[in-house]
Amino acid sequence: MGKKKNKAPPVLLQRLGDHFGTDPGALPLVERSFAKYDRPNLHQAIMEIAGAGVELLGVIPRNDYEPVTLARIVRQASAKNMDLGPVQHVDETLPGNRRMACVKRGLFLFRYRDMPVAIMQDEERFTSSPRLTIEVMAGESAAAEELLRRIEKETLQGKAFRGGVISLKGDCHRGFAVQFHQLPALAREEVILPEDLLQRLERHTVDFSRQSGRLKAAGRHLKRGILLHGPPGTGKTYSAMHLASRMPERTVFLLTGADIGMIEQAVAMARILDPATLILEDVDLIGTRRENQMVGANAVLFELLNQMDGLAEDADLLFILTTNRPDVLEPALAARPGRIDQAIEIPPPDEDCRRRLIALYGKGLVLELEELDDLVRRIEGVSAAFIRELLRKAAVHAALEEDGEIVVRDRHLAAALAELMVAGGPLTMSLLGASVASED
């Protein structure tokens, strides 16, 4: 009888054996998991370290319930249940409306410090909070550990997120997802504030950021906070967004509403992505005096205070807080040095600003106004939001009156003003930040 032919090993085991030139089952392995939101950063880190000579293989398990690991691939019995196939990718969103196809599951074969190494990347399945897993295999334990530490360090630097506008969305499993946003492109002339006030805002934020290197070298601390306060609709959030857009080198974190409870996670990420700006809208919702708060709100306030206190002085983090109610704001937040360095009031627009706002919100319309001076006087005390709505309603009145180009005249503005100030009642005026006296 003829001799039995040796059965060829499973293809993935064979590829690993060829890559290492030895039995891979005897080689050391180290592993690490990462949060799912870090997939773009992990992908960039591995690809940059691996370089152009990397060979990327797809691994397809015959049973979806079997985990895909290097430990299983290097054993003949379990390797036969895994096939070579296409590399699975996930199309991830990045800042600036960019996209990146990132490996979901794949086996990386390359040389590191002139030694063959392998990395298996996969994603946990059948769990409420899946994480990304990587295993590193090398000829020596020290080499595998060094490569893993480098991947970890470069992933945590968050290169894919830098310069982006980020919000964090919590889930019911105490995890969170990262979402990206676009700041509106606001020209300086579109920020309708008194010039001295706008310069003061810019000096503490934009100008400070430009000089941060020199200030740090001179021993000045870089962490800082400003509180923008004033009636609703005066442009606090608008001003904050403008300031952030003027500092594109900084990563921006937006925390509004329920997401303000993610302050610990946001500050932790901001430390890594330094320089960064954190914008917390309506901070009075968590920052009212302690005796007026519910337990949950107090916990968030304390976390905010702890995070601001715990920052190193050379951490280039800028906190921009907004509130409509500075009178009820927690004194420890508003007054203690090192938390908030500058409180700046954003008042209702003065006469010059009201004129500029009418021109700004009248763009795209034909304004034929003979009683503009009287209108500007009558709307003293209103907010920018009120003027924007006034021009919108006037445009509707004008559009209904005649076809073609929308021409807004005095009567259209008068009708819109009556609708807002009389028919709308006190609630509408309050919602739009108006504090004018009733009409004669």
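Any read-out appearing in this document is the output of simple, stated calculations on the displayed coordinates, not a laboratory observation. Keep in mind that this is a model prediction, so the values were computed, not measured. Glycine gets a Cβ as well: all are built from the backbone with ideal geometry, and neighbour counts include every protein chain shown.
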(request) Round to a whole angstrom and tell me the spacing of the C-alpha centers of the stretch 40-100 and the stretch 363-411. (result) 59 Å
(request) Pick out, from ILE226, PRO67, LEU183, the residue whose Cα sits farthest towards the positive end of the charge dipole of the chain, with +1 on the Cβ of Lys and Arg and -1 on the Cβ of Asp and Glu. (result) PRO67
(request) Arrange the following residues from fewest to most other Cβ atoms within 10 Å of their Cβ: VAL396, VAL283, VAL376, VAL117. (result) VAL396, VAL376, VAL117, VAL283
(message) If R₀ is 51 angstrom, what is the calculated FRET efficiency for the pair ASP18 and LEU94, using the beta carbon separation as r and rounding to 0.05?
(response) 0.90
(message) Just to confirm the filter: which GluC sites (Glu not before Pro) across the stretch 75-174 are DSSP coil and have at most 12 other Cβ within 10 angstrom of their Cβ?
(response) GLU140
(request) Identify which of GLY163, GLY233, GLY213 has the largest mean-square fluctuation in a Gaussian network model of the chain, with springs joining Cα atoms closer than 10 Å. (result) GLY213
(request) Pick out, from LEU321, MET247, LEU12, the residue whose Cα sits farthest towards the positive end of the charge dipole of the chain, with +1 on the Cβ of Lys and Arg and -1 on the Cβ of Asp and Glu. (result) LEU12
(request) Quickly rank 41-49, 108-116, 318-326 as a protection proxy: mean count of other C-beta atoms within 10 Å, highest first. (result) 318-326, 41-49, 108-116
(message) Test of understanding: what is the full-extension gain from PHE126 to ASP410, defined as 0.36 nm times their sequence separation minus their Cα-Cα distance?
(response) 95.8 nm
(message) Full-extension gain between MET47 and ASP374, please, as 0.36 nm times their residue separation minus the C-alpha to C-alpha distance.
(response) 111.2 nm
